[in-house]
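The values are calculated or read from the model by the stated rules, or taken from the named source; none is laboratory data. Bear in mind that the values here come from a model prediction, so they are computed numbers and not experimental data. No Cβ is skipped: glycine too gets one built from the backbone with ideal geometry, and neighbour counts run over all protein chains shown. Note: areas computed on protein heavy atoms with side chains; ligands, DNA, RNA excluded. Shrake-Rupley method; radii C 1.70, N 1.55, O 1.52, S 1.80 Å.
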Amino acid sequence: MKESLSVLVVEDGKSDFLFLKKHLENLDSWDVSVERAVTFEEAQSTLGRIEIDICFIDYHLNNEVAEDFLVKIQVLRDYVPMILISGLPSEKLRNLAIENEVDDFISKEDVSYTLLTRIIRYCVANNRAKLKAKVQEQKYLNLFNNSLEAIFTADDDFQIIRANQAFKELFKVDGSTEIDFRDFFQGKDLRQFFSTLSIGENRNSNRTKLYNLQGEELEVYVTITRIHNESEKAAYQVVIHDITEFEKIQQKLHEVDKSNLIRRMARIIGHEVRNPLTNILLATEEMKDDYSDNEDALLMLGMIERNSKRISSLIDSFLKNSINSELDKKDCVLEDVLQDSFANCLDRIKLQQVDYTLDGFDSRTEMSLDVEKIKIVFTNIIINATEALSAQANPNLRISLLKENDKSIVEISDNGCGMTEEVRANLFSPFYSSKQGGLGLGMSNSKKILDEHGASVKVESSENQGTTFRITF
(Lines give C-alpha, C1' and ligand atoms only; values in the text may rest on other atoms or scores of the structure.)
Protein backbone atom coordinates (compact mmCIF):
# COMPACT_ATOMS: atom_id res chain seq x y z
CA MET A 1 0.00 0.00 0.00
CA LYS A 2 1.33 3.43 -0.99
CA GLU A 3 2.27 5.92 1.69
CA SER A 4 0.11 9.05 1.81
CA LEU A 5 1.83 12.35 1.06
CA SER A 6 0.20 15.76 1.51
CA VAL A 7 1.78 18.43 -0.70
CA LEU A 8 1.27 22.19 -0.75
CA VAL A 9 2.14 23.96 -4.02
CA VAL A 10 2.53 27.74 -3.68
CA GLU A 11 2.10 28.77 -7.32
CA ASP A 12 0.05 31.53 -9.00
CA GLY A 13 0.44 30.20 -12.55
CA LYS A 14 -2.37 27.77 -13.32
CA SER A 15 -0.59 25.87 -16.12
CA ASP A 16 2.60 25.50 -14.04
CA PHE A 17 0.53 24.28 -11.09
CA LEU A 18 -1.37 21.72 -13.19
CA PHE A 19 1.88 20.51 -14.76
CA LEU A 20 3.51 19.93 -11.36
CA LYS A 21 0.31 18.46 -9.90
CA LYS A 22 0.08 15.91 -12.72
CA HIS A 23 3.64 14.74 -12.04
CA LEU A 24 3.09 14.58 -8.29
CA GLU A 25 -0.15 12.60 -8.53
CA ASN A 26 1.45 10.05 -10.84
CA LEU A 27 4.47 9.24 -8.64
CA ASP A 28 4.81 5.50 -8.05
CA SER A 29 5.99 5.69 -4.44
CA TRP A 30 3.24 7.77 -2.81
CA ASP A 31 -0.49 8.44 -2.81
CA VAL A 32 -0.23 12.21 -3.23
CA SER A 33 -2.88 14.79 -2.37
CA VAL A 34 -2.13 18.30 -3.62
CA GLU A 35 -3.22 21.62 -2.08
CA ARG A 36 -2.69 24.92 -3.87
CA ALA A 37 -2.03 28.45 -2.58
CA VAL A 38 -1.84 31.38 -4.99
CA THR A 39 -0.44 33.90 -2.46
CA PHE A 40 2.09 33.70 0.35
CA GLU A 41 -0.61 34.74 2.85
CA GLU A 42 -2.82 31.86 1.70
CA ALA A 43 0.13 29.49 1.96
CA GLN A 44 0.86 30.60 5.51
CA SER A 45 -2.78 30.06 6.45
CA THR A 46 -2.83 26.60 4.86
CA LEU A 47 0.36 25.53 6.65
CA GLY A 48 -1.15 26.61 9.97
CA ARG A 49 -4.51 24.96 9.28
CA ILE A 50 -3.77 21.50 7.88
CA GLU A 51 -0.93 19.02 8.10
CA ILE A 52 1.42 19.30 5.11
CA ASP A 53 4.25 16.82 4.44
CA ILE A 54 6.17 18.86 1.87
CA CYS A 55 5.87 22.33 0.34
CA PHE A 56 6.87 23.52 -3.16
CA ILE A 57 7.30 27.31 -3.32
CA ASP A 58 7.45 29.33 -6.55
CA TYR A 59 10.24 31.83 -5.92
CA HIS A 60 8.42 34.62 -7.78
CA LEU A 61 4.76 34.97 -6.81
CA ASN A 62 2.85 37.95 -8.23
CA ASN A 63 5.12 40.87 -7.26
CA GLU A 64 6.75 39.14 -4.29
CA VAL A 65 9.67 36.81 -3.72
CA ALA A 66 9.94 33.95 -1.26
CA GLU A 67 12.38 35.44 1.31
CA ASP A 68 9.79 37.30 3.40
CA PHE A 69 7.42 34.35 3.38
CA LEU A 70 10.17 31.99 4.56
CA VAL A 71 11.01 34.35 7.42
CA LYS A 72 7.35 34.45 8.52
CA ILE A 73 7.10 30.66 8.68
CA GLN A 74 10.49 30.13 10.33
CA VAL A 75 9.04 27.81 12.99
CA LEU A 76 7.04 25.76 10.50
CA ARG A 77 10.15 25.25 8.37
CA ASP A 78 11.49 22.96 11.08
CA TYR A 79 8.58 20.59 10.45
CA VAL A 80 7.76 20.92 6.73
CA PRO A 81 10.44 20.47 4.04
CA MET A 82 10.56 23.51 1.73
CA ILE A 83 11.54 23.19 -1.95
CA LEU A 84 12.08 26.23 -4.17
CA ILE A 85 10.74 25.89 -7.73
CA SER A 86 11.30 28.44 -10.45
CA GLY A 87 12.06 29.01 -14.10
CA LEU A 88 15.35 30.66 -13.13
CA PRO A 89 18.64 29.10 -14.32
CA SER A 90 19.69 26.16 -12.14
CA GLU A 91 22.86 27.82 -10.81
CA LYS A 92 21.01 30.96 -9.72
CA LEU A 93 18.22 28.87 -8.20
CA ARG A 94 20.82 26.80 -6.36
CA ASN A 95 22.31 29.97 -4.83
CA LEU A 96 18.86 31.22 -3.79
CA ALA A 97 18.13 27.86 -2.15
CA ILE A 98 21.39 28.07 -0.19
CA GLU A 99 20.82 31.70 0.80
CA ASN A 100 17.31 30.98 2.05
CA GLU A 101 18.31 27.68 3.72
CA VAL A 102 15.54 25.65 2.13
CA ASP A 103 15.70 21.87 1.84
CA ASP A 104 16.10 21.65 -1.93
CA PHE A 105 15.29 23.26 -5.27
CA ILE A 106 14.07 22.26 -8.73
CA SER A 107 13.95 24.16 -12.01
CA LYS A 108 10.56 24.03 -13.77
CA GLU A 109 12.18 22.87 -16.99
CA ASP A 110 13.81 19.93 -15.16
CA VAL A 111 10.60 18.56 -13.58
CA SER A 112 10.35 14.79 -14.13
CA TYR A 113 9.04 11.77 -12.27
CA THR A 114 12.56 10.53 -11.51
CA LEU A 115 13.83 13.87 -10.20
CA LEU A 116 10.71 14.52 -8.10
CA THR A 117 10.97 11.03 -6.60
CA ARG A 118 14.61 11.62 -5.60
CA ILE A 119 13.99 15.05 -4.12
CA ILE A 120 10.85 14.05 -2.19
CA ARG A 121 12.42 10.84 -0.92
CA TYR A 122 15.43 12.73 0.39
CA CYS A 123 13.42 15.62 1.88
CA VAL A 124 10.86 13.38 3.58
CA ALA A 125 13.54 11.05 5.00
CA ASN A 126 15.71 13.97 6.09
CA ASN A 127 12.73 15.73 7.68
CA ARG A 128 11.73 12.64 9.62
CA ALA A 129 15.27 12.37 10.96
CA LYS A 130 15.21 16.04 11.94
CA LEU A 131 11.88 15.72 13.75
CA LYS A 132 12.98 12.59 15.60
CA ALA A 133 16.17 14.28 16.75
CA LYS A 134 14.30 17.39 17.87
CA VAL A 135 11.97 15.35 20.07
CA GLN A 136 14.93 13.64 21.71
CA GLU A 137 17.06 16.74 22.21
CA GLN A 138 14.61 19.60 22.70
CA LYS A 139 14.23 19.04 26.45
CA TYR A 140 17.94 19.20 27.14
CA LEU A 141 19.58 21.48 24.56
CA ASN A 142 19.43 25.19 23.88
CA LEU A 143 18.86 26.59 20.42
CA PHE A 144 22.51 26.46 19.45
CA ASN A 145 23.05 22.85 20.49
CA ASN A 146 19.64 21.72 19.22
CA SER A 147 20.44 22.45 15.58
CA LEU A 148 20.67 19.40 13.35
CA GLU A 149 23.17 21.25 11.23
CA ALA A 150 26.79 21.34 12.35
CA ILE A 151 27.36 24.85 13.77
CA PHE A 152 30.33 26.52 15.37
CA THR A 153 31.67 29.97 16.09
CA ALA A 154 35.26 30.95 15.32
CA ASP A 155 37.63 33.85 15.79
CA ASP A 156 39.35 35.87 13.05
CA ASP A 157 41.89 33.08 12.54
CA PHE A 158 39.14 30.44 12.23
CA GLN A 159 40.07 28.86 15.56
CA ILE A 160 36.88 27.13 16.78
CA ILE A 161 35.51 28.74 19.96
CA ARG A 162 32.21 26.90 20.50
CA ALA A 163 30.73 23.98 18.55
CA ASN A 164 27.37 22.24 18.87
CA GLN A 165 26.84 18.52 19.28
CA ALA A 166 26.05 17.98 15.59
CA PHE A 167 29.43 19.42 14.65
CA LYS A 168 31.26 17.21 17.16
CA GLU A 169 29.49 14.11 15.87
CA LEU A 170 29.97 14.92 12.19
CA PHE A 171 33.66 15.70 12.55
CA LYS A 172 34.44 13.18 15.33
CA VAL A 173 35.70 15.95 17.59
CA ASP A 174 36.57 15.52 21.26
CA GLY A 175 35.01 18.35 23.25
CA SER A 176 38.38 19.27 24.74
CA THR A 177 40.23 19.43 21.40
CA GLU A 178 41.46 22.81 20.14
CA ILE A 179 40.84 22.92 16.40
CA ASP A 180 41.43 25.21 13.45
CA PHE A 181 38.54 24.98 10.95
CA ARG A 182 41.10 24.84 8.13
CA ASP A 183 42.36 21.48 9.48
CA PHE A 184 39.26 19.86 7.94
CA PHE A 185 40.40 20.67 4.39
CA GLN A 186 42.97 18.79 2.33
CA GLY A 187 45.32 20.25 -0.26
CA LYS A 188 43.81 22.35 -3.01
CA ASP A 189 40.32 22.17 -1.46
CA LEU A 190 41.45 24.66 1.21
CA ARG A 191 42.92 27.12 -1.28
CA GLN A 192 39.92 26.84 -3.57
CA PHE A 193 37.40 27.35 -0.75
CA PHE A 194 39.03 30.40 0.78
CA SER A 195 39.76 31.94 -2.61
CA THR A 196 35.98 32.04 -3.24
CA LEU A 197 35.23 33.34 0.26
CA SER A 198 34.58 37.06 0.03
CA ILE A 199 35.56 38.52 3.39
CA GLY A 200 33.90 41.81 2.42
CA GLU A 201 30.46 40.21 2.54
CA ASN A 202 28.59 39.39 5.74
CA ARG A 203 27.53 35.97 4.51
CA ASN A 204 29.08 33.41 2.16
CA SER A 205 27.92 29.97 1.08
CA ASN A 206 30.03 27.40 -0.73
CA ARG A 207 29.89 23.73 -1.52
CA THR A 208 33.09 21.87 -0.76
CA LYS A 209 34.66 18.67 0.55
CA LEU A 210 35.71 18.41 4.20
CA TYR A 211 37.36 15.58 6.09
CA ASN A 212 36.57 14.64 9.67
CA LEU A 213 39.25 13.64 12.16
CA GLN A 214 38.89 9.99 11.11
CA GLY A 215 39.68 10.91 7.51
CA GLU A 216 36.15 10.32 6.21
CA GLU A 217 35.22 12.50 3.23
CA LEU A 218 32.13 14.70 3.61
CA GLU A 219 30.20 16.55 0.90
CA VAL A 220 28.87 19.72 2.52
CA TYR A 221 27.48 23.20 2.06
CA VAL A 222 29.28 25.66 4.32
CA THR A 223 27.60 28.96 5.21
CA ILE A 224 29.90 31.47 6.93
CA THR A 225 28.35 34.56 8.52
CA ARG A 226 30.31 37.45 10.01
CA ILE A 227 29.25 38.15 13.58
CA HIS A 228 30.46 40.40 16.40
CA ASN A 229 30.47 38.65 19.76
CA GLU A 230 32.87 40.53 22.01
CA SER A 231 32.36 38.24 25.02
CA GLU A 232 33.62 35.19 23.10
CA LYS A 233 35.77 37.14 20.62
CA ALA A 234 33.81 35.36 17.90
CA ALA A 235 34.11 36.76 14.39
CA TYR A 236 32.27 34.05 12.41
CA GLN A 237 29.34 31.70 12.75
CA VAL A 238 29.63 28.69 10.46
CA VAL A 239 26.77 26.36 9.51
CA ILE A 240 27.67 23.10 7.76
CA HIS A 241 24.95 21.21 5.92
CA ASP A 242 26.03 17.61 5.32
CA ILE A 243 24.79 16.20 2.00
CA THR A 244 27.06 13.14 2.01
CA GLU A 245 24.18 10.67 2.40
CA PHE A 246 22.10 12.52 -0.19
CA GLU A 247 24.96 12.20 -2.69
CA LYS A 248 25.19 8.47 -1.93
CA ILE A 249 21.44 8.08 -2.47
CA GLN A 250 21.66 9.90 -5.81
CA GLN A 251 24.55 7.67 -6.89
CA LYS A 252 22.65 4.56 -5.78
CA LEU A 253 19.56 5.61 -7.75
CA HIS A 254 21.74 6.22 -10.80
CA GLU A 255 23.22 2.72 -10.47
CA VAL A 256 19.74 1.19 -10.08
CA ASP A 257 18.57 3.00 -13.23
CA LYS A 258 21.63 1.69 -15.10
CA SER A 259 21.04 -1.87 -13.85
CA ASN A 260 17.41 -1.75 -14.96
CA LEU A 261 18.52 -0.60 -18.41
CA ILE A 262 21.00 -3.48 -18.66
CA ARG A 263 18.29 -5.97 -17.69
CA ARG A 264 15.95 -4.61 -20.36
CA MET A 265 18.74 -4.82 -22.96
CA ALA A 266 19.52 -8.37 -21.87
CA ARG A 267 15.91 -9.46 -22.37
CA ILE A 268 15.83 -7.87 -25.84
CA ILE A 269 19.12 -9.47 -26.86
CA GLY A 270 18.11 -12.84 -25.45
CA HIS A 271 14.91 -12.80 -27.50
CA GLU A 272 15.99 -11.06 -30.71
CA VAL A 273 19.49 -12.57 -31.16
CA ARG A 274 19.39 -16.01 -29.57
CA ASN A 275 16.77 -17.55 -31.89
CA PRO A 276 18.35 -16.56 -35.23
CA LEU A 277 21.78 -17.47 -33.84
CA THR A 278 20.56 -21.00 -33.08
CA ASN A 279 19.23 -21.30 -36.63
CA ILE A 280 22.61 -20.19 -38.01
CA LEU A 281 24.42 -22.87 -36.01
CA LEU A 282 21.95 -25.59 -37.09
CA ALA A 283 22.24 -24.54 -40.73
CA THR A 284 26.03 -24.57 -40.47
CA GLU A 285 26.00 -28.15 -39.21
CA GLU A 286 23.76 -29.22 -42.11
CA MET A 287 25.92 -27.48 -44.69
CA LYS A 288 29.07 -29.18 -43.42
CA ASP A 289 27.68 -32.51 -44.68
CA ASP A 290 26.78 -31.00 -48.07
CA TYR A 291 30.25 -29.47 -48.56
CA SER A 292 32.37 -32.15 -46.90
CA ASP A 293 34.66 -32.32 -49.94
CA ASN A 294 35.07 -28.54 -50.33
CA GLU A 295 37.92 -27.27 -48.11
CA ASP A 296 37.25 -23.57 -48.78
CA ALA A 297 33.57 -23.95 -47.89
CA LEU A 298 34.40 -25.92 -44.72
CA LEU A 299 36.87 -23.20 -43.74
CA MET A 300 34.19 -20.53 -44.10
CA LEU A 301 31.57 -22.64 -42.31
CA GLY A 302 34.02 -23.21 -39.44
CA MET A 303 34.55 -19.47 -39.19
CA ILE A 304 30.78 -18.90 -39.06
CA GLU A 305 30.39 -21.56 -36.37
CA ARG A 306 33.22 -20.23 -34.17
CA ASN A 307 32.02 -16.65 -34.31
CA SER A 308 28.41 -17.66 -33.70
CA LYS A 309 29.48 -19.54 -30.59
CA ARG A 310 31.51 -16.50 -29.54
CA ILE A 311 28.39 -14.33 -29.85
CA SER A 312 26.42 -16.92 -27.87
CA SER A 313 29.07 -16.83 -25.13
CA LEU A 314 28.89 -13.03 -24.98
CA ILE A 315 25.11 -13.20 -24.64
CA ASP A 316 25.46 -15.75 -21.81
CA SER A 317 27.83 -13.37 -19.99
CA PHE A 318 25.49 -10.44 -20.59
CA LEU A 319 22.46 -12.30 -19.27
CA LYS A 320 24.36 -13.69 -16.28
CA ASN A 321 25.60 -10.23 -15.34
CA SER A 322 22.08 -8.77 -15.46
CA ILE A 323 20.43 -11.30 -13.15
CA ASN A 324 20.13 -10.56 -9.43
CA SER A 325 20.99 -13.94 -7.93
CA GLU A 326 20.28 -14.82 -4.31
CA LEU A 327 23.15 -14.55 -1.85
CA ASP A 328 24.13 -17.70 0.02
CA LYS A 329 25.32 -15.99 3.19
CA LYS A 330 27.10 -17.96 5.88
CA ASP A 331 29.00 -17.11 9.05
CA CYS A 332 32.69 -16.89 8.22
CA VAL A 333 35.98 -15.24 9.17
CA LEU A 334 36.94 -12.38 6.84
CA GLU A 335 40.67 -13.03 7.28
CA ASP A 336 40.19 -16.64 6.07
CA VAL A 337 38.22 -15.52 3.00
CA LEU A 338 40.89 -12.97 2.12
CA GLN A 339 43.68 -15.52 2.69
CA ASP A 340 41.97 -18.08 0.41
CA SER A 341 41.50 -15.44 -2.30
CA PHE A 342 45.19 -14.51 -2.08
CA ALA A 343 46.15 -18.20 -2.33
CA ASN A 344 44.15 -18.43 -5.60
CA CYS A 345 46.44 -15.78 -7.09
CA LEU A 346 49.75 -16.79 -5.48
CA ASP A 347 51.11 -18.76 -8.46
CA ARG A 348 50.63 -15.76 -10.77
CA ILE A 349 52.15 -13.41 -8.18
CA LYS A 350 55.26 -15.60 -7.83
CA LEU A 351 55.52 -16.10 -11.59
CA GLN A 352 55.74 -12.34 -12.07
CA GLN A 353 58.19 -12.07 -9.14
CA VAL A 354 55.99 -9.60 -7.28
CA ASP A 355 56.96 -8.66 -3.73
CA TYR A 356 53.92 -8.82 -1.46
CA THR A 357 52.99 -7.80 2.08
CA LEU A 358 50.01 -9.05 4.11
CA ASP A 359 48.92 -6.97 7.12
CA GLY A 360 46.23 -7.49 9.75
CA PHE A 361 45.56 -11.16 9.02
CA ASP A 362 46.24 -12.32 12.58
CA SER A 363 42.83 -11.37 14.03
CA ARG A 364 39.43 -13.04 13.53
CA THR A 365 36.67 -10.87 12.11
CA GLU A 366 33.43 -12.81 12.04
CA MET A 367 30.67 -11.77 9.64
CA SER A 368 27.98 -13.18 7.37
CA LEU A 369 29.01 -13.32 3.69
CA ASP A 370 28.42 -15.25 0.50
CA VAL A 371 31.96 -16.60 0.70
CA GLU A 372 32.34 -17.78 -2.90
CA LYS A 373 31.12 -14.48 -4.33
CA ILE A 374 33.32 -12.37 -2.08
CA LYS A 375 36.27 -14.55 -3.11
CA ILE A 376 35.47 -13.65 -6.72
CA VAL A 377 35.70 -9.95 -5.81
CA PHE A 378 39.02 -10.23 -3.96
CA THR A 379 40.50 -12.51 -6.64
CA ASN A 380 39.48 -10.13 -9.47
CA ILE A 381 41.11 -7.16 -7.76
CA ILE A 382 44.31 -9.04 -6.82
CA ILE A 383 44.71 -10.40 -10.37
CA ASN A 384 44.16 -6.94 -11.86
CA ALA A 385 46.74 -5.52 -9.46
CA THR A 386 49.22 -8.25 -10.44
CA GLU A 387 48.69 -7.54 -14.15
CA ALA A 388 49.20 -3.81 -13.53
CA LEU A 389 52.68 -4.68 -12.13
CA SER A 390 53.85 -6.60 -15.22
CA ALA A 391 56.06 -3.77 -16.50
CA GLN A 392 57.14 -2.44 -13.10
CA ALA A 393 60.81 -2.66 -12.18
CA ASN A 394 60.15 -3.23 -8.48
CA PRO A 395 56.61 -4.67 -8.37
CA ASN A 396 54.97 -4.53 -4.96
CA LEU A 397 51.54 -5.69 -3.78
CA ARG A 398 50.14 -4.89 -0.35
CA ILE A 399 46.98 -6.42 1.13
CA SER A 400 45.80 -5.03 4.47
CA LEU A 401 42.85 -5.63 6.77
CA LEU A 402 42.10 -2.57 8.93
CA LYS A 403 39.56 -1.84 11.67
CA GLU A 404 37.80 1.51 12.14
CA ASN A 405 35.17 1.43 14.89
CA ASP A 406 32.56 -1.10 13.70
CA LYS A 407 33.95 -1.22 10.14
CA SER A 408 36.33 -3.71 8.57
CA ILE A 409 38.35 -2.34 5.65
CA VAL A 410 40.25 -4.37 3.07
CA GLU A 411 42.92 -2.42 1.20
CA ILE A 412 44.59 -3.87 -1.91
CA SER A 413 47.38 -1.61 -3.20
CA ASP A 414 49.94 -1.87 -5.98
CA ASN A 415 52.68 0.41 -7.33
CA GLY A 416 51.87 -0.45 -10.93
CA CYS A 417 50.87 1.49 -14.02
CA GLY A 418 47.76 3.04 -12.43
CA MET A 419 44.71 4.21 -14.35
CA THR A 420 43.74 7.20 -16.43
CA GLU A 421 40.84 9.29 -15.16
CA GLU A 422 38.62 7.80 -17.89
CA VAL A 423 39.42 4.22 -16.88
CA ARG A 424 38.87 4.94 -13.18
CA ALA A 425 35.55 6.69 -13.86
CA ASN A 426 34.27 3.76 -15.96
CA LEU A 427 35.89 0.96 -13.96
CA PHE A 428 32.61 -0.55 -12.76
CA SER A 429 30.62 0.07 -15.95
CA PRO A 430 29.51 -3.13 -17.71
CA PHE A 431 31.38 -3.92 -20.94
CA TYR A 432 34.01 -1.24 -20.41
CA SER A 433 37.52 -2.68 -20.47
CA SER A 434 41.00 -1.26 -21.02
CA LYS A 435 42.36 -4.76 -21.69
CA GLN A 436 42.79 -6.12 -25.19
CA GLY A 437 39.93 -8.60 -25.71
CA GLY A 438 38.45 -8.01 -22.26
CA LEU A 439 34.68 -8.29 -21.80
CA GLY A 440 34.51 -5.60 -19.11
CA LEU A 441 32.31 -7.69 -16.80
CA GLY A 442 34.74 -8.67 -14.01
CA MET A 443 34.75 -5.37 -12.10
CA SER A 444 31.09 -4.68 -12.90
CA ASN A 445 30.15 -8.03 -11.38
CA SER A 446 32.45 -7.39 -8.39
CA LYS A 447 30.75 -4.05 -7.70
CA LYS A 448 27.34 -5.71 -7.87
CA ILE A 449 28.42 -8.38 -5.36
CA LEU A 450 29.70 -5.74 -2.94
CA ASP A 451 26.48 -3.72 -3.31
CA GLU A 452 24.45 -6.83 -2.51
CA HIS A 453 26.51 -7.24 0.69
CA GLY A 454 26.05 -3.59 1.66
CA ALA A 455 29.79 -3.00 1.28
CA SER A 456 31.34 0.07 -0.35
CA VAL A 457 34.40 0.36 -2.57
CA LYS A 458 36.61 3.38 -3.29
CA VAL A 459 39.41 3.43 -5.84
CA GLU A 460 42.38 5.79 -5.77
CA SER A 461 44.62 5.69 -8.80
CA SER A 462 46.90 7.86 -10.90
CA GLU A 463 48.89 7.00 -14.01
CA ASN A 464 52.29 5.53 -13.10
CA GLN A 465 51.50 6.03 -9.40
CA GLY A 466 49.73 2.76 -8.60
CA THR A 467 46.21 1.90 -7.45
CA THR A 468 44.49 1.30 -4.12
CA PHE A 469 41.13 -0.44 -3.70
CA ARG A 470 39.47 0.27 -0.33
CA ILE A 471 36.54 -2.06 0.44
CA THR A 472 34.55 -1.27 3.58
CA PHE A 473 32.27 -3.83 5.26
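The label-point distance for V333 and N307, in a model that sets each label 7 Å from Cα toward Cβ, rounds to 5.4 nm.
With θ taken as phi - 60° and the Karplus curve 6.51 cos²θ - 1.76 cosθ + 1.60 applied, the whole-hertz 3J(HN,Hα) list for region 449-464 is 4, 5, 4, 5, 8, x, 9, 10, 9, 10, 10, 10, 7, 9, 4, 6 Hz, x standing for glycine and proline. With all pairs of separate Cα atoms included, region 1-136 yields a Kirkwood hydrodynamic radius of 15.0 Å. Computed across region 1-51, the Kirkwood hydrodynamic radius from all distinct Cα-Cα pairs reaches 11.5 Å. Pairs with C-alpha atoms separated by more than 18 Å, drawn from the list K309/K375; K21/K92; K407/K458; K350/K403; K373/K448; K403/K448, are K309/K375; K21/K92; K350/K403; K403/K448.
Here the spin labels are modelled as points 7 Å beyond Cα on the Cα-Cβ line, and at S462 and R274 they lie 4.8 nm apart. The length gained on full extension between N202 and S45, counted as 0.36 nm times the residue separation minus their Cα-Cα distance, comes to 53.2 nm.
With Cα atoms defining each centre, region 79-103 and region 282-305 are spaced 68 Å apart in the structure.
Shown are H453, H241, whose ranking by accessible area with a 1.4 Å probe and every protein chain present, most to least, is H241, H453.
What FRET efficiency comes out for the pair L358/K14, r = Cβ-Cβ distance, R0 = 51 Å, nearest 0.05?
Working: r = 68 Å, r/R0 = 1.34.
The formula returns an efficiency of 0.15 here.
In this label model, D183 and N294 are separated by 8.3 nm, measuring between points 7 Å along each Cα→Cβ vector. Estimated from the Cβ-Cβ distance and a Förster radius of 25 angstrom, the FRET efficiency linking M1 and E326 is about 0.45. Kirkwood hydrodynamic radius of region 366-412, from the reciprocal of the average inverse Cα-Cα distance over all distinct pairs: 12.5 Å. Of the trypsin sites (Lys or Arg not before Pro) found in region 338-393, those in coil by DSSP whose Cβ has at most 13 other Cβ atoms within 10 Å are R364. In the context of the full set of protein chains, region 1-142 has a per residue accessible area of 53 Å² (1.4 Å probe).
In terms of its C-alpha gyration tensor, region 334-473 has an oblate overall shape, because the principal axis ratio a/c (a ≥ b ≥ c, square roots of the eigenvalues) is not below 1.5 and a/b does not outweigh b/c.
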